[in-house]
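The values are calculated or read from the model by the stated rules, or taken from the named source; none is laboratory data. Nothing here was measured: the structure is a model prediction, and the numbers come from that model. A quick note on method: Cβ atoms are made from the backbone with ideal geometry, for glycine too, and the neighbour counts reach across all protein chains shown.
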2 protein chains.
Amino acid sequence: MNDSDRGAGRAARPRRADARRNEKTLLDAAAEVFVASGVDAPVRDIAAKAGVGTATIYRHFPTRADLIIAVYRHQVEACAEAGPALLESGATPYEALQRWIGLFVDFLVTKHGLAAVLRSDEAGFEALHAYFLDRLMPVCTRLLDAAAAAGEIRSDIPALQLMHGVGNLCIGAEHDPDYDARRLAALLIAGLRLPD
Amino acid sequence: MNDSDRGAGRAARPRRADARRNEKTLLDAAAEVFVASGVDAPVRDIAAKAGVGTATIYRHFPTRADLIIAVYRHQVEACAEAGPALLESGATPYEALQRWIGLFVDFLVTKHGLAAVLRSDEAGFEALHAYFLDRLMPVCTRLLDAAAAAGEIRSDIPALQLMHGVGNLCIGAEHDPDYDARRLAALLIAGLRLPD
DNA sequence: TGACGATACGGAACCATGTCCCGTTTAGCA
DNA sequence: TGCTAAACGGGACATGGTTCCGTATCGTCA
């Protein structure tokens, strides 16, 4: 799945060195620009920061979603791996769920505009959508199932819908110091709670 | 506050008849286009539907927010007035709150993209923001206070933040039949609940 | 009723941004 | 060192918001 697959067996010829270099440069530049101007910063800005032409971006990352995925892949993976770890950390499943949602929220609100674009219906963001869901929904499902099995929460809310909801709650949090996405997300989870 | 004020005392000269006619035409056209293409439909489309030039739109409604406000003013008013009515309808304050949030959600999800634009930070939407908050936040505050006074919910969540949260939950609901904004909002409100 | 000034209008022009194309450059290999 | 395919850069095009300016119309006053 990672990029070393490209030259697997050295049969298919590997990408040229300058292409690999440019991809790295682009990722770094995009990460910087995303922090400064949000994930929907103009393509030209990213290209300029990387010192390449705009076409080069499209060549490496056909859609903006591809670029965003590449930039944040590590952090999404970390979030996904935190789920099982939390479950096994000794707390109750409900506590694990709460903490994991906290991690998810923290990730989203620190990425300018990512939550908003995650919910966008514009063509070209399906890949982003799919990636997040593929990677994180199973984790969320497992946490929900565990908490439901322990009788801590109701079990009639699909993980997919819950994640959409939590993602939505994170929108705009970065501009508004009075808006506490984490707290609202916690409230949403609390709404799942069953009486002991 | 309504437009008959413009000619109050007949001192300031009233707007020309064609201008008033165009404003009405524009509102009707905008309402139609908003339903068909969402509240961020191209200005040109609205102008074309109304059979006027684009500048005419800007003359009557300097920002898109002004147009949106004008189109939905009646419905927002109705929502605002429903709050006190629900409180006095005999149910518990918590039930009134739940139902009112339901009305708010129903309003938002049936307006293509309105929830999203409500949360947008782009300059020019402050007016929309301010209008919704000015009109609806006091209503929400009153419902929250009543439910808190009755000991039904916790009282440490500001109405403003709750409304932002509920508004966010409505984003994207129109495209996704599996996403039930109303239910998630109900869950959020349930999270406020105190044990009896 | 006719003329005049203010108001309002329409559409073209301008700017920003995403996207694509094409002529040029360069890495990698023989 | 020379060749070819990969990769590149920047300009061309499309879309949509915003503004400008010459023209048309309303409403009033003589």
**Q.** Selection within segment B:142-190 - touching a Pro at 6+ places or on another chain (Cβ under 8 Å), more than 9 Å from chain A (Cβ to nearest Cβ) and not hydrophobic (A, V, I, L, M, F, W, C)
**A.** B:ARG142, B:GLU152
Q | Test set (1) more than 16 Å from the chain's Cα centre (by Cα); (2) assigned to a helix (DSSP H, G or I); (3) under 22 Å from A:ASP176 (Cα atoms) - B:LEU187 fails condition number | A | (3)
Q: Looking for whichever is surrounded by fewer than 21 Cβ atoms within 10 Å (Cβ to Cβ) and more than 16 Å from DNA strand D (Cβ to nearest atom) here; the options are A:ARG59, A:ARG99. Which one fits?
A: A:ARG99
Q | Exclusive hit being at pLDDT 95 or above, more than 22 Å from B:TYR179 (Cβ to Cβ), in contact with a helix residue (DSSP H, G or I) (Cβ under 8 Å, 6 or more places away or on another chain) and small (Gly, Ala, Ser), set B:ALA65, B:ALA78 | A | B:ALA65
Q. Looking at (1) at positive phi; (2) modelled with pLDDT of 95 or more, which is the one condition that is false for A:GLY90?
A. (2)
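Results for (1) within 13 Å of DNA strand C (Cβ to nearest atom); (2) surrounded by 14 or more Cβ atoms within 10 Å (Cβ to Cβ); (3) within 14 Å of chain B (Cβ to nearest Cβ), shown as yes or no for each residue.
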| residue | (1), (2), (3) |
| --- | --- |
| A:ALA50 | no, yes, no |
| A:GLY53 | yes, no, no |
| A:LEU67 | yes, yes, no |
| A:ALA80 | no, yes, no |
(Q) Suppose the filter is surrounded by 16 or more Cβ atoms within 10 Å (Cβ to Cβ), part of a helix (DSSP H, G or I) and outside the structural domain of B:VAL33 (by TED's automatic domain parsing); does B:ILE157 pass it? (A) no
Q | A:TYR72 vs. criteria away from DNA strand C (no atom under 11 Å from the Cβ), within 14 Å of chain B (Cβ to nearest Cβ) and crowded, with 19+ Cβ neighbours inside 10 Å | A | no
**Q.** Within segment A:4-45, considering residues that are of a type in the set (Asp, Glu) and either touching a helix residue (DSSP H, G or I) at 6+ places or on another chain (Cβ under 8 Å) or at pLDDT 95 or above (or both), the one farthest from DNA strand D (Cβ to nearest atom)
**A.** A:GLU32
**Q.** Of all residues in segment A:33-44 being surrounded by fewer than 16 Cβ atoms within 10 Å (Cβ to Cβ) and more than 14 Å from chain B (Cβ to nearest Cβ), the one that is farthest from DNA strand C (Cβ to nearest atom)
**A.** A:VAL35
Q: Starting from segment B:18-44, take each residue that is assigned by TED's automatic domain parsing to the domain that holds B:LYS111 and at negative phi and list its partners that are of a type in the set (D, E, K, R) and within 15 Å of DNA strand C (Cβ to nearest atom), counting only C-beta distances under 7 angstrom and pairs at least six apart or across chains.
A: none
**Q.** B:ALA48, sole failed condition from (1) within 21 Å of B:GLU174 (Cα to Cα); (2) within 16 Å of DNA strand D (Cβ to nearest atom); (3) in a helix (DSSP H, G or I)
**A.** (1)
Q) Residues in segment B:161-177: is at least one assigned to a helix (DSSP H, G or I) and touching a strand residue (DSSP E or B) at 6+ places or on another chain (Cβ under 8 Å)? A) no
Q. Being in a helix (DSSP H, G or I), away from chain A (no Cβ under 14 Å) and within 24 Å of B:ILE189 (Cβ to Cβ), is that true of even one residue in segment B:117-125?
A. no
Q.
Could you go through segment A:77-95 and let me know if any residue there is touching a residue at least 60 places away in the same chain (Cβ under 8 Å), under 30 Å from A:ASP18 (Cβ atoms) and among the acidic types (Asp, Glu).
A. no
Q. With (1) assigned by TED's automatic domain parsing to the domain that holds A:ALA29; (2) more than 16 Å from DNA strand C (Cβ to nearest atom) as the list, and A:SER89 as the residue in question, which single condition is left unmet?
A. (1)
Q) Mind checking which residues of segment B:104-116 are assigned to a helix (DSSP H, G or I) and touching a Phe, Trp or Tyr at 6+ places or on another chain (Cβ under 9 Å)? A) B:PHE107, B:LEU114
Q. Out of (1) modelled with pLDDT of 95 or more; (2) surrounded by 16 or more Cβ atoms within 10 Å (Cβ to Cβ); (3) not hydroxyl-bearing (Ser, Thr, Tyr), what's the single condition that is false for B:GLU174?
A. (1)
